[in-house]
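First up is the structure itself, then whatever we jot down about it.
The values are calculated or read from the model by the stated rules, or taken from the named source; none is laboratory data. Quick caveat: nothing in here was measured; it's all calculated off a predicted structure. Note that we place each Cβ from the backbone using ideal geometry, even for glycine, and neighbour counts take in every protein chain shown. Side chains are part of the model used for accessible areas, which takes the heavy atoms of the whole protein and leaves out ligands, DNA and RNA. Shrake-Rupley method; radii C 1.70, N 1.55, O 1.52, S 1.80 Å.
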Amino acid sequence: RDCLLSRGVGDVYKRQLQSGMHAPLPDLGRRRWLHRSAQVALATCTLAALAPARAGYNIWLGEYTIERQLLQQGLAERFPLRLRYMELFRVTLSNPRLGLDAKANRTQVTSDVQIENDLLLARPVQGLLALSSGLKYDAPARALRLHEPRADQVEIKGMSGEAARQLQAVSAAVAAQVLADYALYTFKPEELTFNGQVFQPGEITVLEDGIKVKVD
């Protein structure tokens with residue numbers, strides 16, 4: 001009922017519904033008009049409820065919006081990431097958190113870091129790593145990728161001085177290596193097709209709550 005009322009079925013019928021009254025309709029023509037209005041309103045409400053199933057594509061603006069929650073979910077599913085550095089260090093990145101910097105038009109990935117070295121370290125070292133990155137579109141893979149990530153912050157817990165700086169450098173190098181060209185989101189073929197036409201993603205804009213991609 002709230003949905004029908006919001007669509008302007010008719011001032012008289014609105015007041016009747018809101019007051020709980022069901023007065024007889026004036027004539028058959030008005031009855032048919034109200035019935036038709038109700039059908040249109042119901043169809044509009046149904047389309048609104050189904051809109052999220054279109055995966056964020058706005059046909060009027062030619063834009064595809066990927067929500068932060070979906071990006072975060074995809075990121076978390078592919079972690080932890082493990083890599084060896086110079087055959088000496090074993091580095092693990094885990095618990096990723098996605099940040100979106102709309103002002104700089106960049107993404108941020110913050111993760112926990114664990115570094116292991118059986119010869120130089122008595123026990124695994126824990127830390128925190130934050131990287132920022134631009135974005136680019138990889139057409140053959142239909143993927144939205146991180147572009148030239150850089151380490152903005154590296155913290156190593158329980159260490160200081162030269163040893164801490166060396167481990168920070170290791171963490172930053174490993175993260176930049178493993179996250180370079182990382183596919184943050186991969187489009188399904190049907191997400192770039194509408195009415196038989198194939199779209200090509202263009203300009204990429206970072207929003208506060210998602211990423212917007214222009215399509216041609």
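With each label point set 7 Å from Cα along the Cα-Cβ vector, what nm distance links Asp209 and Arg84?
Placing both labels 7 Å beyond Cα along the Cβ direction yields 4.6 nm.
Can you give the FRET efficiency for Phe194 and Ala102, using 1/(1 + (r/R0)^6), R0 = 25 Å, r = Cβ-Cβ distance, to the nearest 0.05?
The pair Phe194/Ala102 has a calculated efficiency of 0.40.
Starting from the Kirkwood Rh over alpha-carbon pairs, what translational D in µm² s⁻¹ does the stretch 144-193 have by Stokes-Einstein at 10 °C and 1.306 mPa s?
My calculation gives 122 µm²/s for D.
For Asp181 and Ala76, compute 0.36 nm times the residue count separating them, minus their Cα-Cα distance, and round to one decimal in nm.
Gain in length upon complete extension: 36.1 nm.
Calculate, for the stretch 137-216, the solvent-accessible area per residue in square angstrom, rolling a 1.4 angstrom probe over the heavy atoms of the protein chains.
Heavy-atom accessible area per residue stands at 55 Å².
How big, in percent, is the set of alpha carbon pairs in the stretch 53-108 lying more than 17 Å apart?
Summing the P(r) of the stretch 53-108 above 17 Å gives 59 percent of all pairs.
Order 145-154, 168-177 from most to least packed using the mean count of other Cβ atoms within 10 Å.
Final packing ranking: 168-177, 145-154.
List the lysines whose Cα lies under 18 Å from the Cα of Lys188, skipping any in the same chain that are fewer than 8 positions away.
Output for Lys188: Lys136, Lys212, Lys214.
I want the local charge near Thr92. Using Cβ-Cβ distances under 13 Å, sum +1 for each Lys or Arg and -1 for each Asp or Glu among the other residues.
Cβ neighbours under 13 Å give a net charge of +1.
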